[in-house]
Structures are given as C-alpha cells and as structure tokens.
1. If you take the residues of segment 40-68 that are farther than 18 Å from TYR25 by Cα and modelled with pLDDT under 70, which of them is surrounded by the fewest Cβ atoms within 10 Å (Cβ to Cβ)?
2. Any idea how many residues of segment 69-84 are modelled with pLDDT of 75 or more and either of a type in the set (A, V, I, L, M) or farther than 21 Å from LYS15 by Cα (or both)?
3. So which residues in segment 8-39 are in contact (Cβ under 8 Å) with a residue 12 or more places away in the chain and either over 17 Å from LEU66 (Cβ atoms) or surrounded by 13 or more Cβ atoms within 10 Å (Cβ to Cβ) (or both), if there are any at all?
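The values are calculated or read from the model by the stated rules, or taken from the named source; none is laboratory data. Quick caveat: nothing in here was measured; it's all calculated off a predicted structure. FYI the Cβ positions are ideal-geometry reconstructions off the backbone, even for glycines, and counts take in every protein chain you see.
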Amino acid sequence: MHLFHGRYNSLVIDKDNYLLKLRFYIHLNPVQSGIVKKPKDYEQSSYKSYIKEVANNINDQDLIFLMISKDKIEAERQPCYVKG
C-alpha cells in the first residue's frame, strides 16, 4: 500500500465541543500511543505553540481560546494548556 492509497475523506466539524475534543485528541494521541511521554515532546504537533514555547505561525488559536473562555488569558490558564 502506498501513501495515497484509497480515497481522501474529510469530516465537517459543525459543533464547538467536538472541535475542542478533537484538538485534545490530536495533542494527546502521541502520548496515549506511547510515542512520547509529554505532548510537547512530539515535534510534529502544534501543542507547543498553544503553550507558548514556540512562536505560532501556522494555526489560528483565537477560535479555540474563545471557545474555552471569552477572556484569552483565562483560556490559556485552563488545564489543557498546562505545560507538561
């Protein structure tokens, strides 16, 4: 089987809470799979940009932060952004 085998599939994310759950899944999947011990150790993840360890130049985090809290500073204090 090669990299582009089969048809491309996409999924419409139409609910805010599903988007948040999906983001948690994406950031925690390398940890749960045993690839790394901490989410920030996985180099191909945007997790470090969310916890401000690297500059963000790829993803728009404002939408995610606004879903968590209207106050961006408060949103950044939530447990999902605790450095680890």
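1. Within segment 40-68, the match that is surrounded by the fewest Cβ atoms within 10 Å (Cβ to Cβ) is ASN57.
2. Selection size over segment 69-84: 2.
3. The answer is ASP16, LEU19, LEU20, ARG23, ILE26, HIS27, PRO30, LYS38, PRO39.
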